[in-house]
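Chemist: Take this structure first; my questions come after.
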Amino acid sequence: MMIIKNRFSFKFGIAILAAGAVFGSGCNGGDDKTATNAPAGGTTPAATSTDSTKIAGCTPNATPAPDPVVKDGIPLGLVASQNGDLKPWGEDSARGAKLAVEEFNAAGGVDGKKVSLFIEDSNSKPEVGKSAAEKLTSDDKVICLIGEVASGITAQMGAVAKEKNVPLIAVGATRTDLTKGQPNLFRVCYTDAFQGPVMAKFAYEQLKLKNVALMTDKKQPYSTGLSDSFRAYFTKLGGKIVDEQFYEGGNTTFTGQLTNLKAKNPDGLFMSGYFSETGPIARQAKDAGLNVKMLGGDGWDSSEILKSGGDAILGSFFCNHYNNKEDRPEVKTFLQKWGARYDCAYPATTMGALAYDATMLACDALKRAKTKDAKGLQEAIENTVDFKGVSGSITLKGKGGNPPKRALVVQLTKNGQEFAKAYDYDEATGLPK
């Protein structure tokens with residue numbers, strides 16, 4: 001997971017030049033090159049080279065464009081986890097946002113103006129994310145915020161955006177109630193009210209699971225909300241939740257919880273937390289003899305889960321927003337642009353595509369805005385209809401900040417993610433078709 005209050009003679013014009021390093025802070029030096037392990041954003045298509053982590057048919061730019069620092073540019077602000085447990089998401093968010101800005105500027109910008117992007121680090125922590133948002137919005141520095149991925153961090157950013165009266169476009173924050181009472185908060189992703197039922201439907205109808213246990217990170221509002229939405233729909237379908245065990249993000253030992261779950265004899269385990277814990281939980285579950293089908297939400301989306309989960313996590317399923325192997329022209333075009341900019345490596349996580357969409361949506365709204373200030377931009381974002389994003393069509397008009405989005409179910413394999421099934425959003429019920 002972005003113009004000026006009629007102030008194109010910005011007081012911060014010099015500050016933008018001085019902040020060149022800030023723009024580049026998303027990825028410094030060689031970090032712009034995606035890690036060489038299997039891409040988490042999707043299974044690698046067959047490549048012509050021997051390196052299966054490279055995008056087939058891609059030609060990297062001999063001299064990639066430097067991070068654009070535009071004097072008197074229209075200022076957009078991104079908050080991303082450049083450090084901490086959620087760093088894989090933050091790195092891809094920065095890459096996606098920068099790619100969108102470069103593309104928009106190369107096409108001429110809007111009304112003769114180009115865009116400048118400021119990036120601040122949330123350090124994977126809500127309180128730091130809030131400080132980052134405050135820094136970006138101080139003295140009218142930016143007129144739109146982009147980010148974050150974690151719902152807890154985004155909620156803190158939302159409070160700042162509301163106080164400063166600037167729009168906020170969330171990249172991957174799925175907690176359902178985030179937009180409640182927040183007319184200036186929008187997102188480009190689906191919500192937990194949708195992805196919970198998607199995984200419940202897949203578990204019950206496709207995997208034929210009937211007795212599922214839950215592992216929930218009680219420290220993360222994202223995890224508790226996702227477990228609740230899964231439980232509600234799974235039981236509605238006729239399934240049974242045999243037990244729910246809790247832990248806190250940062251825990252490394254789950255022996256007690258898994259022993260309790262094993263005693264309930266489940267045939268499936270839904271883990272609603274982040275990849276940083278679900279990988280170790282899967283490994284410890286296997287060690288404890290809990291050999292059941294495992295499922296989760298988009299919080300699993302990182303190649304790190306393949307390292308921490310090992311063989312125990314292989315064959316598991318989770319919900320995601322995007323897949324590198326989707327046969328859509330938007331995806332193919334995006335991957336060629338991404339590869340040219342980032343050494344032909346795939347996006348390591350889905351957040352590269354979502355951050356690109358969030359940033360490009362803000363840029364598209366700039367073109368449609370009646371006034372090139374925060375108020376005009378917010379109105380344009382709010383009236384977005386059928387924006388063609390890499391992750392799918394995005395409509396925000398009349399949706400309370402929550403676009404109806406389809407969801408993918410993917411399976412973890414040794415080569416990354418394999419597409420399993422797609423679910424469309426039913427406008428009448430808000431549930432998967």
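The values are calculated or read from the model by the stated rules, or taken from the named source; none is laboratory data. What you see is a predicted model; the values in this text were computed from it and never measured. Here Cβ is always computed from backbone atoms with ideal geometry, including for glycine, and neighbour counts include all displayed protein chains.
Chemist: If we scan the stretch 244-253, do we find a residue that is over 26 Å from GLY392 (Cα atoms), outside the structural domain of THR174 (by TED's automatic domain parsing), part of a helix (DSSP H, G or I) and among the hydroxyl-bearing types (Ser, Thr, Tyr)?
Modeler: no
Chemist: In addition: Quick one: is LYS370 surrounded by fewer than 19 Cβ atoms within 10 Å (Cβ to Cβ), in a loop (DSSP other than H, G, I, E, B) and either of a type in the set (Val, Ile, Thr) or over 19 Å from the mean Cα position of the chain (by Cα) (or both)? It would help to see each step written out before you state the result.
Modeler: Values: surrounded by fewer than 19 Cβ atoms within 10 Å (Cβ to Cβ): yes; in a loop (DSSP other than H, G, I, E, B): yes; either of a type in the set (Val, Ile, Thr) or over 19 Å from the mean Cα position of the chain (by Cα) (or both): yes.
Yes.
Chemist: If VAL110 satisfies every condition in (1) surrounded by 24 or more Cβ atoms within 10 Å (Cβ to Cβ); (2) touching a strand residue (DSSP E or B) at 6+ places or on another chain (Cβ under 8 Å) but one, which is the exception?
Modeler: Single failed check for VAL110: (1).
Chemist: Sticking with this one: Which of the residues that make up the stretch 113-122 are under 16 Å from the mean Cα position of the chain (by Cα) and surrounded by fewer than 24 Cβ atoms within 10 Å (Cβ to Cβ)?
Modeler: ASP121
Chemist: A further question on this structure: Among (1) at pLDDT below 95; (2) in contact with a Pro (Cβ under 6 Å, 6 or more places away or on another chain), there is one condition VAL198 misses while meeting the rest; what is its number?
Modeler: Unmet condition: (1).
Chemist: When you check GLY352 against the structure, is it surrounded by 24 or more Cβ atoms within 10 Å (Cβ to Cβ), touching a Lys or Arg at 6+ places or on another chain (Cβ under 7 Å), modelled with pLDDT of 95 or more and under 27 Å from SER302 (Cβ atoms), yes or no?
Modeler: Against the criterion (surrounded by 24 or more Cβ atoms within 10 Å (Cβ to Cβ), touching a Lys or Arg at 6+ places or on another chain (Cβ under 7 Å), modelled with pLDDT of 95 or more and under 27 Å from SER302 (Cβ atoms)), GLY352 qualifies.
Chemist: Can you say whether ASP364 is surrounded by fewer than 24 Cβ atoms within 10 Å (Cβ to Cβ) and in a helix (DSSP H, G or I), as far as the supplied structure shows?
Modeler: Numbers: surrounded by fewer than 24 Cβ atoms within 10 Å (Cβ to Cβ): yes; in a helix (DSSP H, G or I): yes.
Judged against the criteria, ASP364 is a match.
Chemist: Here's another thing I want to ask about it. Being touching a Phe, Trp or Tyr at 6+ places or on another chain (Cβ under 8 Å) and of a type in the set (A, V, I, L, M) is the filter here; which residues of the stretch 122-153 pass it?
Modeler: If the condition is that a residue be touching a Phe, Trp or Tyr at 6+ places or on another chain (Cβ under 8 Å) and of a type in the set (A, V, I, L, M), then LEU136, VAL142, VAL149, ALA150 are the ones that fit.
Chemist: Is it the case that TYR342 is hydroxyl-bearing (Ser, Thr, Tyr), crowded, with 19+ Cβ neighbours inside 10 Å and out of contact with any Cys (no Cβ under 9 Å at 6 or more places or on another chain)?
Modeler: Here the answer is no, as TYR342 does not meet what is asked.
Chemist: Continuing with this model, one more query. Would you point out which residue out of GLY273, GLY268, GLY239 is surrounded by 20 or more Cβ atoms within 10 Å (Cβ to Cβ) and in contact with a Ser or Thr (Cβ under 7 Å, 6 or more places away or on another chain)? Quick ask: steps written out before the conclusion?
Modeler: Values: GLY268 fails: in contact with a Ser or Thr (Cβ under 7 Å, 6 or more places away or on another chain); GLY239 fails: in contact with a Ser or Thr (Cβ under 7 Å, 6 or more places away or on another chain).
The unique qualifying residue is GLY273.
Chemist: On the given criteria, is SER229 within 22 Å of PRO126 (Cβ to Cβ), out of contact with any Ser or Thr (no Cβ under 6 Å at 6 or more places or on another chain) and at pLDDT 95 or above?
Modeler: Against the criterion (within 22 Å of PRO126 (Cβ to Cβ), out of contact with any Ser or Thr (no Cβ under 6 Å at 6 or more places or on another chain) and at pLDDT 95 or above), SER229 qualifies.
Chemist: Okay, next question. Please find, within the stretch 32-87, the residue that is surrounded by the most Cβ atoms within 10 Å (Cβ to Cβ) out of those that are modelled with pLDDT of 50 or more and of a type in the set (Val, Ile, Thr).
Modeler: By that ranking, first place goes to VAL79.
Chemist: Determine, yes or no, whether GLU148 is modelled with pLDDT of 95 or more and more than 18 Å from the chain's Cα centre (by Cα). Steps first, please.
Modeler: On the way: modelled with pLDDT of 95 or more: yes; more than 18 Å from the chain's Cα centre (by Cα): no.
No, not satisfied.
Chemist: Could you tell me which residue of the stretch 381-433 is farthest from the chain's Cα centre (by Cα), considering only residues that are outside any loop (DSSP other than H, G, I, E, B) and small (Gly, Ala, Ser)?
Modeler: Step one: list which residues in the stretch 381-433 are outside any loop (DSSP other than H, G, I, E, B), which gives 381-382, 387-389, 392-394, 407-413, 416-423, 425, 432.
With the extra rule that they be small (Gly, Ala, Ser), the set shrinks to 389, 392-393, 407, 416, 420, 422.
Details: GLY389: 13, GLY392: 13, SER393: 16, ALA407: 13, GLY416: 17, ALA420: 20, ALA422: 18 Å.
Only one residue fits best here, namely ALA420.
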